[in-house]
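Values quoted throughout were computed directly from the atomic coordinates according to the rules given, and no laboratory measurement underlies them. None of these values were measured; they are calculated from a predicted model. So basically every Cβ, Gly included, is an ideal-geometry build from the backbone, and we count neighbours across all protein chains shown.
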Amino acid sequence: MRKIIISSLLLLAFIYRGHCQVNMGNIEVNKDFTATLNFGSDVKFITLGNNPQIGVTPDGNPLNKYYVIFQEGSTVVIKGIDPLSPKTSITVKLTSGSIYYGTLAYGLNTQIFYDFQKVESKQKMEEVHKDSVNEAIGEKSLVTRLNYVLGLENEYVEGIDENLLEVVISVIRNDDKYTYFKISIRNNSGNDYIIDNTTFKYVEGKNKGLFKKGNKIEERVNTIYETNNKTVKAYSISELGYVIPLYAVGTSGNLKIQFKELKGTRNPAVEINSKTMLKVKTLGLMEK
């Protein structure tokens, strides 16, 4: 019996994890401007905290006091009736199990369309990525191996000198799951270089002519782990560490690594030929 209960709880936890909860914020409606809410799957039900029913329409639908709601499929349209309508809560549950919540009020806002169809899929992708990151960090050996790579003597792989920033891919190593990077950045300017985001993209193919972007395919690779030192002080050098999933590449493209400045336009990008990536050394048993 105990095993059955535990299994049921685990199943419920798994189902619950698959759903997402999204804060829609404050939605304002009035007599002249309705709010159209568009979702990624059909609506199961809509609930307002304060919208009492005061009668029935000629066609038999509920007649509410403050707000009128029309719903079909994945679209909901809300209209305000009374300028004295109180601010209230709104909850929308989709057939997918995801829940959207927020507040509804009578106001002067003229935003009439709220598109939530991509929110659910985006949040699920973020949750999957977060789970993979947490799982990877849970492997203490991942951090240990990155620290080992950071301690290796620099091997010039590829680099760029741009806007008084020298970015050099110093060391790359692979194991059976991940690729580890040691990246050195020399700031030759008088302003600190603060990195807001680092992106990794595998680019396959080459543009053979003007406007022929269709010949090139880009695939972004999520960063599994990275060191926290994202500020390169003026006239100094910092060494950064990154871990991305091991990725099989062809010989017709490259790996593009771009560093985006938090407040500024210094966004250097380094490209590593795929032939170089195919020859990356594997961490030995002692190094693991």
task = With r as the distance between the Cβ atoms of ASP32 and LEU84 and R0 = 22 Å, compute the FRET efficiency 1/(1 + (r/R0)^6) and round to 0.05.
result = 0.85
ask   = How big is the Rg/Rh ratio for region 19-117, C-alpha atoms only, Rh by Kirkwood, two decimals?
value = 0.95
query = Length gain on complete extension for the stretch ASN50 to LEU246, per 0.36 nm per residue less the alpha carbon to alpha carbon distance?
reply = 65.3 nm
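Pairs LYS182/LYS275; LYS182/LYS230; LYS201/LYS281; LYS177/LYS275; LYS118/LYS263; LYS65/LYS118: which exceed 23 Å Cα-Cα? Could you put the intermediate results ahead of the total?
Working: LYS182/LYS275 19 Å; LYS182/LYS230 13 Å; LYS201/LYS281 20 Å; LYS177/LYS275 19 Å; LYS118/LYS263 28 Å; LYS65/LYS118 32 Å.
The answer is LYS118/LYS263; LYS65/LYS118.
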task = For region 139-282, evaluate the Debye formula with one uniform point scatterer on each Cα (no solvent term) and list log10 I(q)/I(0) at q = 0.08, 0.13, 0.15 Å⁻¹, rounded to two decimals.
result = -0.22, -0.58, -0.77
